[in-house]
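One structure is given here, and the rest of the page talks about it.
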């Protein structure tokens, strides 16, 4: 029991789980223990009941609320060592793909969670606007430079990761969608070379498949 509570407290303090989720899981652990101890005589004594509790009590998984934020932080920290293999063309394709996934995900989530759907649509819309206003292939109005676009992308990835907590569904399975999107956006940003030359006013300017200006 103490080990499980310690694990919960550790994940709560590290930010891996919210205080709301911590309180809910702690209450569940206490309720399970109380129920088993109340029937300890039927289970063959207190030790047998505690063993049953250890085997049946829910464990805190590190594959969701803990792993995704940790992975996103690791990618951000190691971004300087990740090869910059993406130019403006590839980055633009990734941006529009991530925005489309968010928008489609928002539509799909409408049946399960309106808050999650709203968050997905907001994230997808924000990413789409960032792309449309960027001076790179696929940009429509081109008011934002490519390096500035990258800084906005990084900010949007952080916002996406925090949407579940902000809208109050961080303890629901829909939060995994936002964690995955934030991780993907962070990885795309880390793999992008933002030092490519920007297209000039000449309408004959072209961008090759690697994003290089020719």
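FYI, it's all coordinate maths here, none of it is from the lab. Source: prediction; values computed, not measured. Virtual Cβ from ideal backbone geometry, glycine too; neighbours counted across all protein chains shown.
Summary of computed values
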| item | result |
| --- | --- |
| Part-to-part distance (alpha-carbon centres) for segment 80-95 and segment 130-147, which is given in Å | 15 Å |
| Computed E for residue 154/residue 93 - FRET, C-beta separation, R0 25 angstrom, nearest 0.05 | 0.85 |
| Among 154-164, 81-91, the order from most to least packed when residues are scored by Cβ within 10 Å on average | 154-164, 81-91 |
